[in-house]
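Accompanying notes for the structure given below.
None of the figures in this text is laboratory data; all of them are computed from the coordinates on show. Worth saying up front: this structure is predicted, and the values here are computed from it rather than measured. Cβ atoms come from the backbone with ideal geometry, glycine included; neighbour counts cover every protein chain shown.
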Amino acid sequence: MPFATPTLRLTTEQHLAILAHCLDGYPDEACGLLGGPTSEAGEPTGEVSTVFPCRNADASARTYTVDSRDLIKAMRAAEERGDELVAVWHSHTHTDAYPSDTDVRQAVEPAWMYVIVSLKHADPVLRAYRIRDSAIAEVDVTIE
């Protein structure tokens, strides 16, 4: 069943902060969370209010787990702004910016957007997706 895929809207500063965190984390995967408003139905609007760089608790070039302390801090900070966590991002150090089988298995928040930054080539590539019941739908990304 198709599902809504709002456009993910990042500012230039937010986009650069995500890319910088991914490059800083290399050769390991880097990760972080995005906060923003949601609709009355609890769906992200696509707007991003806050970028939360996080530690990769796995310290791995192939997998990531958002550090639990960073997750709690991001949740509290988003709540203080009247926002919710609306997306998680991580880098792929050796593959394209497309969800791996592991990414799909770990996509436990159906309302979230899943942002992947590929570091496979010299210029990082950022793409976003919705993942629900193992179905993947690409989300348009605009940099404003």
Low-density loop cleavage sites - chymotrypsin sites (Phe, Trp or Tyr not before Pro) in the range 3-110, where at most 14 other Cβ are within 10 Å (DSSP): PHE3
Globularity index of the chain, i.e. its alpha-carbon radius of gyration over 2.2 N^0.38 Å: 0.95
Value at 222 nm in deg cm²/dmol, rounded to 500, when DSSP H runs of n ≥ 4 in the chain each add -39,500 (n - 2.57): -7000 deg cm²/dmol
Lys/Arg +1, Asp/Glu -1 at C-beta; the chain dipole; positive extreme among SER68, TYR129, THR45: SER68
In order through the range 40-55: 3J(HN,Hα) via Karplus (6.51 cos²θ - 1.76 cosθ + 1.60), integer Hz, x for Gly, Pro: 4, 7, x, 8, x, 7, x, 6, 10, 8, 9, 10, 10, x, 10, 7
Residue exposure sequence - ILE18, ILE72 - by fewest surrounding Cβ within 10 Å: ILE72, ILE18
The chain, relative contact order [Cα under 8 Å, separation at least 6], %: 27
Inter-centroid distance (Cα atoms) of the range 19-41 relative to the range 113-135, Å: 11
